[in-house]
Amino acid sequence: MELTYFGKKIVVFVLLLGGTTSAAWARFKIPPPCKNAFSTQQEETEGAKYAGEIFKQMPVLPDSSPISQYVQQVGKKLVAVTPGYRWPYNFHVVASDEINAFALPGGAMFVNVGAIRAAETESQLAGVMAHELSHVVMRHSTCNMTKQQSVGTWAALGQLGAAIALGNGALGSLASQGIGIATGLSFLRMSRDYEKQADLLGADILYDAGYDPRGLPQFFETIEAKYGQGGAQIFSDHPNPGNRMEYVNAEIASLPRKSNPTVTTAAFTRARDLASKEKTYTSKEMEAGAWKKSGKYALVAGGPATVIPETTGSSQTQNQTQAAGAARLNRASLGIDDPLVFYNGQAFSISYPKSWRKGEGQNGSVAFVPQDGASQAGIAYGAIVEGARFQAPVKNANDLQQATTAIARQMSQQNDGMTVSGNMQSTTVNGRPAATVELRGRSPLSSGGTATPERDLLVAISRPDGAVNYIIFVSPEPDYATLKPLFARMMGSFRVR
Ligand code: ZN
């Protein structure tokens, strides 16, 4: 028995030796693709839109910055050996002091200045980038979206889309919070399984690019040792699956040894020096948005540094309201006496005041906003129509109440300070069962440095196909009573298709 056993062992050993001639034998194998609701084309299109939002809401260094150029060079080396679908990878640097890097679905990667400062070597910086690339290769973000199927994700997508269509970069307290801090997006939050996969594939990419693959676990270890799990933003989206160093080292041990892997470079030292001098912003400062007026940051991917233009208001109101965004509107500007015009969308139709602007988003979401009713800070006045589909179809009044509660909860979670403030009421909208509930929050408007209170009316209408359409009517509290009859008329005109 023992001899046979021994014999088998020898056979195995010989096979292993034979295998070392092919570099691929012990590598991490990319698991079969997840069930993904997005086509690669959709992922590219949606991802590019998200990336566009980041440029509006975060100070991104222009491509002319030597720090950006350095990160792009490292990115290029990694992309050259990255397996899988050829996503349109692109690399950018955010003037944030947080230790973080994130990659959006579709291949746009943002590395914070804070992460460059925190890395000790080029292989560490390249390590965290290779880890992020691996999430893109395995489509973990869209896998997460597909799995979550939550109101939040789809709602956030829709709001974002509408924000883009409106061209002002933010939809009220609604979307700006969700994307404003990009890491708050739930689909970027990785499971421990996905983390481990990204570590292992990341180490292989690092190795193939000629780097010392130990840079990857080292980066995470160093950050964790210095700042703890809770001390660095990167761990909120990329939790330590446990034993990171051990399993990555085991992966590395399975790769044929290279004689002179790159640990660090003079270019890294230069870039890190520049990063240490670069002006950075805290999350709060990024949201406050004063950086937008500096003219130093890029407005779009590949663009030069550009002053982001104010999108609302006459120059007079701009001067009065600077960072706060739009000012309170007078009765004429609210458009409440306007004739209504008809909007005929794919999933619904609705009437809205003639002077209002319309913004069509992704997934059929549409926003209707008075002239000057929105600014960079968000939508202060208007109506946003969204669609949501739940895991189980909405069939009766009870389902609809649950769905409405879920939507309201999601709104509260995505908007700091927003709470449900009234009882839910059942009603009908053009014969369809509906439920309404009021929420209170903080308007993007402010006076004397204090946010004006906001009142929102959420109306959820069940669709014959089991999905739900919902309308969020947004108003600063002092104007709510004035707008309420208009909101009621708009709601009365709403028809699902
Ligand atoms: Zn990760």
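Across region 225-279, the number of residues qualifying as in a helix (DSSP H, G or I) and either acidic (Asp, Glu) or within 16 Å of the ligand (Cβ to nearest atom) (or both) comes to 11. Only strands (runs of 3 or more DSSP E) wholly contained in region 392-497 count here; list those with 2 or more residues that are over 31 Å from the mean Cα position of the chain (by Cα). So the answer is 425-429, 432-447. Across region 205-224, what is the number of residues that are within 20 Å of GLY84 (Cβ to Cβ), more than 15 Å from the ligand (Cβ to nearest atom) and touching a residue at least 60 places away in the same chain (Cβ under 8 Å)? Total meeting the criteria: 5.
Bear in mind that the values in this text are calculations on the coordinates, not laboratory data. As the structure is a prediction and not an experimental result, all values here were calculated from the model. Neighbour counts are summed over all protein chains in view; Cβ atoms, including those assigned to glycine, are modelled from backbone coordinates with ideal geometry.
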